[in-house]
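Notes to accompany the following structure.
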Amino acid sequence: MKSRATDVTKTTWSDRNATLCRIKDAGRDAVARQQRKAAVRIGEYESIARDAAETFRSKQFPALAERADTIAGVSANARSYLAQSEPEEIWHDAEDCIRGHSALAFTCFFAAGLVAGRFLKSSSYYDTRDSNAGKCAAPPTVTINQKVLCQKTQ
């Protein structure tokens, strides 16, 4: 009886470990896909910045062209870093950066929280759970030339 219970326990742990490995691999694959997508997007921004630099040069704005070239260079560096780095390496680099520049990291996270709060506050005006998405879910009621533009729907 004891050996049967041990076999069941081993099988359960083995199944659990296999499931955890599959989940971990799926997570790594998803992160790698998002990393490649981010690298492609940054490459697009790099191209836009280079085009802007050429436009500024042709219009005789050398200072703006220099700034656009700087943005393109930074974008190229970020793109190559994302393309060549493993997700774990990026995670460790981010941790090191946050540890080294804690005040800057705190400021960035604080600003991101404010932006997210404003975004959530502004998007809560519309009731997206309703089939009438996009219509006002609550007052204010606005009247222009005796026409009601938006009123409470119930």
Residue ID - surrounded by the most Cβ atoms within 10 Å (Cβ to Cβ), chosen from residues in the stretch 49-94 that are among the polar types (S, T, N, Q) and part of a helix (DSSP H, G or I)
SER75
Only one of these conditions is not met by SER75: (1) out of contact with any Asp or Glu (no Cβ under 9 Å at 6 or more places or on another chain); (2) touching a residue at least 12 places away in the same chain (Cβ under 8 Å). Which number is it?
(1)
Quick check on this structure: which one of ALA83, ALA72, ALA65, ALA76 is among the aliphatic types (A, V, I, L, M), out of contact with any strand residue (DSSP E or B) (no Cβ under 9 Å at 6 or more places or on another chain), under 19 Å from GLU44 (Cα atoms) and at pLDDT below 90?
ALA83
Taking the condition among the aliphatic types (A, V, I, L, M), part of a helix (DSSP H, G or I) and either out of contact with any Pro (no Cβ under 9 Å at 6 or more places or on another chain) or free of Cβ contacts under 8 Å to residues at least 40 places away in the same chain (or both), does ALA32 pass?
no
Identify all residues within the stretch 34-55 that are under 24 Å from the mean Cα position of the chain (by Cα) and aliphatic (A, V, I, L, M); write none if there are none.
ALA38, ALA39, VAL40, ILE42, ILE48, ALA49
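The values are calculated or read from the model by the stated rules, or taken from the named source; none is laboratory data. Keep in mind that this is a model prediction, so the values were computed, not measured. Glycine also receives a Cβ, built like all others from the backbone with ideal geometry; neighbour counts cover every protein chain displayed.
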